[in-house]
Amino acid sequence: EAPDLEERHRSLRATFDASWRLLAANEQAALARLAVFRSAFDPAAAEQVAGADRQLLRQLVDKSLLTRAGDRLLMLDVVRTYALDRLAADPAMERLAHERHRACFTSMLGELQHGVQRGDAAAIASIASSIDDVRSAWSFATQTNDTAALLRAMDGLFYFYEVRGWAREGAEVYGHTSAAVGRSLQSAPRPVRLAAAQLDARHAVFLQRLGELRAAESLLRRAAAAARDLEESADIVFALHRLGAVRHGMGDYEEAERLHREAWALAREANDRLAVGWSMTYLGNVSWSRGEFDTATRLYTEALELLREEHDLNGMWVTLNNLGVIAASREQYEEARRRFREGLALQSELKNARFRAQGLHNLGCAARELGELENARQRLVESLEISERMGYQSMAGLTLVGLAEISIREGDETGATSALHRALRSAAAVRNDPLALEALLTLARLRQRQGDRHGAVELAEIIARHPGSDDDARRKAAGLLVELGANPRPAEHGTDLDALIDSILAGDSGLPMVGAAADPRRSHTLHAETTGDS
């Protein structure tokens, strides 16, 4: 407000207006079009989107309108805000800039898909460095119903979210775009129906990661049916793999195996080696859950060799992890730890939050079985923190069961009860029966320790006969019943786990009961990756 100030110094906008008038027409147009970038960009992208060659970019840098960021360029937010206003003043130029921006980054996603799917660090880093522009380009493709752009970017973005473990954002982005594409698809052109099917399947994967198995199953069945109608073999295999993983998570191993075998046959027919490797991995998961460790080991080992030949780091991590779980199931804990450490070292390249949470959980459980309780607790707490931050409720619940096991061995019955209650709430929230049964098995051992024989027997009987229990859980429950001097009674009707959990949470005070201490049984609660990428 000082009277001796020039007009161009009286406001920030006035300062920018004065600078704008000093620019040549081509500099003005380039600066306005460059405002569509949300983050640092390279010269090649600047020329593709804004028509700004290197000479023009140097001029804008010299005039302090662009800033160098290593070998890339950056427009400060305050400059971008002004430049966007100038761009909006010319609707035709604004739309063209957004269209070119969309084409640039959806094409980039398409080109990097192969590398990201296999966990290539350079491909992942390229998308990460431009993620704000990637989000903007995807959003514009959604708003403008650009099916071709969505199909081009579909898997590059999907596998990036997967490898980073960004399930919540993935569910939101793919769910929103799926809704935008619409459901009146019978008479829609083939590309629109294909995009809708792919969006459903990928949206379902992220819902599965977040534990919403029922919703994921519904979307995957719809996606599989659409892919069959379109006779798209790769999309049928994708949907079958993921649907099989969902059914596996629900404890339906027979249906999971049927789905994975169908996918395996289609993958072999198409000579898709990557999908063949994943089919073998998924089938290994089913065998592991049934206690068929030799079969699972053979499948995982063959899959690891094939996935290594295909340079698929994601697949290699999954098979290494699962081989470690089998070693632990055989009480070969040093071998299990070696496998888990090898997988965690591989994960440092992938930077996958879900893989890290899972690897830390399994390392913690192995350390616990080796008697290293403090080391085990540190690993499990870190896994729990990651899982809760990323929204992985099932993984968080399983880690809480692992922490409860440590508390039982340390004689902290109150801490064990608290952890198990939290695990049961997680299981109920996502309707994860295997997780609920794992928590109930540990609760049965806690009740045994507390001197509540009747309660321990009741829970062990439920686990021993429940259809959602895997072979390992049934074996542990049967062993506990032998310790308690009881035998499993024949099942008269199915147990309502939701009602049982509600009853436990409502009726268990969480206070330790006085009773003779039982010798804690080994309980692995290690996690095989049954929902891996394909």
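The figures follow:
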quantity: Residue list for region 226-262, restricted to those being under 19 Å from the mean Cα position of the chain (by Cα) and assigned to a loop (DSSP other than H, G, I, E, B); calculated: MET250
quantity: Subset of region 223-233 (residues that are in contact (Cβ under 8 Å) with a residue 24 or more places away in the chain and more than 19 Å from LEU283 (Cβ to Cβ)); calculated: ALA223, ALA226, ALA227, ASP229, LEU230, GLU232
quantity: Residues of region 266-293 classified as acidic (Asp, Glu) and at pLDDT 95 or above, total; calculated: 2
quantity: Helices (runs of 4 or more DSSP H) lying entirely in region 124-220 (those with 3 or more residues that are farther than 24 Å from TRP317 by Cα and either in contact with a His (Cβ under 8 Å, 6 or more places away or on another chain) or polar (S, T, N, Q) (or both)); calculated: 131-143, 167-181
quantity: Hits in region 36-87 (condition: among the small types (Gly, Ala, Ser) and closer than 12 Å to PHE16 by Cβ); calculated: SER64, ALA83
quantity: Cross-chain or 6+ apart pairs with Cβ under 7 Å, region 59-73 first and open to solvent by less than 60 Å² (accessible area, probe 1.4 Å), then in a strand (DSSP E or B) and among the charged types (D, E, K, R); calculated: VAL61/ARG68
quantity: Contacts under 6 angstrom Cβ, first residue in region 16-28 being basic (Lys, Arg), partner in a helix (DSSP H, G or I) and at pLDDT 95 or above, 6 or more apart; calculated: none
quantity: Residue check, ALA427 open to solvent by less than 20 Å² (accessible area, probe 1.4 Å), assigned to a helix (DSSP H, G or I), closer than 14 Å to SER407 by Cα and not hydroxyl-bearing (Ser, Thr, Tyr); calculated: no
quantity: Residue count, region 37-57 (criterion: farther than 17 Å from SER129 by Cβ and either part of a loop (DSSP other than H, G, I, E, B) or of a type in the set (Ser, Thr, Tyr) (or both)); calculated: 3
quantity: Failed item, numbered, when ARG95 is tested on (1) open to solvent by less than 80 Å² (accessible area, probe 1.4 Å); (2) modelled with pLDDT of 95 or more; calculated: (1)
quantity: Lone qualifier among ALA439, ALA404, ALA419 - being crowded, with 24+ Cβ neighbours inside 10 Å and free of Cβ contacts under 8 Å to residues at least 24 places away in the same chain; calculated: ALA419
quantity: Failed item in (1) under 22 Å from GLU438 (Cβ atoms); (2) open to solvent by 30 Å² or more (accessible area, probe 1.4 Å); (3) not aromatic (Phe, Trp, Tyr), with ALA256 passing the rest; calculated: (2)
quantity: Conditions (1) surrounded by fewer than 16 Cβ atoms within 10 Å (Cβ to Cβ); (2) under 23 Å from SER126 (Cβ atoms); (3) of a type outside the set (Ser, Thr, Tyr); number of the one not met by PHE105; calculated: (1)
quantity: Residue in region 153-165 that is surrounded by 20 or more Cβ atoms within 10 Å (Cβ to Cβ) and without any contact (Cβ under 8 Å) to a residue 40 or more places away in the chain present; calculated: no
quantity: Residues that are over 25 Å from ARG431 (Cα atoms) and assigned to a loop (DSSP other than H, G, I, E, B), drawn from region 450-483; calculated: GLN450, GLY451, ASP452
quantity: Those residues of region 261-308 which are over 19 Å from ARG118 (Cα atoms) and β-branched (Val, Ile, Thr), in sequence order; calculated: VAL286, THR295, THR297
quantity: Contacts under 9 angstrom Cβ, first residue in region 348-376 being touching a residue at least 24 places away in the same chain (Cβ under 8 Å) and on the phi > 0 side of the Ramachandran plot, partner open to solvent by less than 20 Å² (accessible area, probe 1.4 Å) and part of a helix (DSSP H, G or I), 6 or more apart; calculated: LYS351/ILE124; LYS351/VAL163
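Residue by residue, here is whether (1) in contact with a Lys or Arg (Cβ under 9 Å, 6 or more places away or on another chain); (2) open to solvent by 50 Å² or more (accessible area, probe 1.4 Å) holds:
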| position | (1), (2) |
| --- | --- |
| ARG273 | no, yes |
| THR281 | no, no |
| ALA296 | yes, no |
| GLU309 | yes, yes |
| ALA328 | yes, no |
| ARG338 | no, yes |
| LEU346 | no, no |
| LEU360 | yes, no |
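The values are calculated or read from the model by the stated rules, or taken from the named source; none is laboratory data. Since this is a predicted model, take the numbers as computed values, not measurements. So basically every Cβ, Gly included, is an ideal-geometry build from the backbone, and we count neighbours across all protein chains shown. These area figures cover heavy atoms from the full protein model, side chains too; ligands, DNA and RNA do not enter into them. Shrake-Rupley method; radii C 1.70, N 1.55, O 1.52, S 1.80 Å.
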